[in-house]
Amino acid sequence: MILQFDPKPLRDALADAEPGVLDGRAVSSARLSQLEPLVEQLIARGGQPTLCVVQVGDDDASSLYIRHKIRACSKVGVDSRHIHLPADITRDALLARLRKLNDDPSLHGILLQLPLPDHLDQDEPIRSIDPGKDVDGFHPVNLGCMMSRRSILEPCTPRGVLTLLQAAGIDPTGKEAVVIGRSVIVGRPMSLMLTRANATVTTCHRHTIDLEKEVRRAEILVVATGVAELVKGEWIREGAVVVDVGISRKDGKLSGDVEFDAARERAAWITPVPGGVGPMTVATLLENTVRAACVHHGVVARNGEIVDVEQRDLEYKRTAGFGITTLQRRRSN
């Protein structure tokens, strides 16, 4: 593990929040506070963590999300760069720009803001980003490493959900978990992470025959569809943990994928929308950027202190071909 954090500040932050509410704003703020001294130590070593956000076009929602990310960077001392490309940029020009960023040694993280304009396929640009700088965790190499339990950079939203569960002292071990949604960005990695955390996981999607039946047995429910109030409050199992990733507008108001008020009456814990998973996604993005900087400079974080990997009898190994980097125990010669 590259970054080891004391869970107590996160639990303290949630303890001060509204009872039963998984307050992502409070927990993300606590996580950013843990990252700030690590960034200061990296800067003192000459390793300023730097994130570059690439935006194509002028989508209003994307511009808002980017402002949130840049603001979070400034809170912890991460240097941020915003490259704003025209909406009509060609495929070749975009790929060339991303490859140029790959070769920039001053950059530790590259984030391609999605969605892209309709004439651009998003998969190819994502694949063109160096896996070691892919702080979104979407590169096929990083997704494959997650499958094999050798990952360094993982998708931010599901990873942020796990941090929220940790803050609430929720152990997925042995629990029935249901994930609604199977996107590469949230649903599928979320199912894998919960499985890795020893939950028994069911993944639901638009072809699931009886969604209500699946939801009713979930001890941990994660919903990521973008369909406003798809999950009815009365479906929620008593004492369940409900994580609502979706956000959309209904009747002019922001809404999640779950009927919040009715679900809250039955759930032990529930995320608000907004203010639940969203802030955790941003905090995890910064966490990934610091993690990538640590790899680049050959260090790890232990008990709030940046130390050389050799001091912990560790080493980073980068394989040829796909460029997979792993942290492992040093082997004696």
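The values are calculated or read from the model by the stated rules, or taken from the named source; none is laboratory data. If you're wondering where the values come from, they're calculated on a predicted model, not measured in any experiment. A quick note on method: Cβ atoms are made from the backbone with ideal geometry, for glycine too, and the neighbour counts reach across all protein chains shown.
Of Ile270, Ile247, all but one fail to be in contact with a Pro (Cβ under 7 Å, 6 or more places away or on another chain) and within 30 Å of Leu211 (Cβ to Cβ); the exception is Ile247. Would you mind stating whether Gly181 is closer than 15 Å to Val242 by Cβ and touching a Lys or Arg at 6+ places or on another chain (Cβ under 9 Å)? Spelling it out, Gly181 is indeed closer than 15 Å to Val242 by Cβ and touching a Lys or Arg at 6+ places or on another chain (Cβ under 9 Å). For the range 58-65, check the following and say yes or no: at least one residue is within 30 Å of Asp16 (Cα to Cα) and not in a strand (DSSP E or B). Yes, some residue in the range 58-65 is within 30 Å of Asp16 (Cα to Cα) and not in a strand (DSSP E or B). Going by the conditions given, is Val39 within 18 Å of Asn288 (Cβ to Cβ) and among the β-branched types (Val, Ile, Thr)? The answer is yes for Val39. Can we say Val141 is of a type in the set (A, V, I, L, M), at pLDDT below 95 and more than 15 Å from the chain's Cα centre (by Cα)? It is true that Val141 is of a type in the set (A, V, I, L, M), at pLDDT below 95 and more than 15 Å from the chain's Cα centre (by Cα). Against the condition touching a strand residue (DSSP E or B) at 6+ places or on another chain (Cβ under 9 Å), among the polar types (S, T, N, Q) and surrounded by 23 or more Cβ atoms within 10 Å (Cβ to Cβ), how does Thr284 come out, does it pass? Taking the combined requirement at face value, the residue does not satisfy it. Is it fair to say Lys69 is closer than 19 Å to Gly278 by Cα, among the charged types (D, E, K, R) and touching a strand residue (DSSP E or B) at 6+ places or on another chain (Cβ under 8 Å)? Yes, satisfied.
Tell me, yes or no, whether the range 132-140 has at least one residue that is outside any helix (DSSP H, G or I), touching a Lys or Arg at 6+ places or on another chain (Cβ under 7 Å) and surrounded by 20 or more Cβ atoms within 10 Å (Cβ to Cβ). Among the residues of the range 132-140, at least one is outside any helix (DSSP H, G or I), touching a Lys or Arg at 6+ places or on another chain (Cβ under 7 Å) and surrounded by 20 or more Cβ atoms within 10 Å (Cβ to Cβ), which makes the answer yes.
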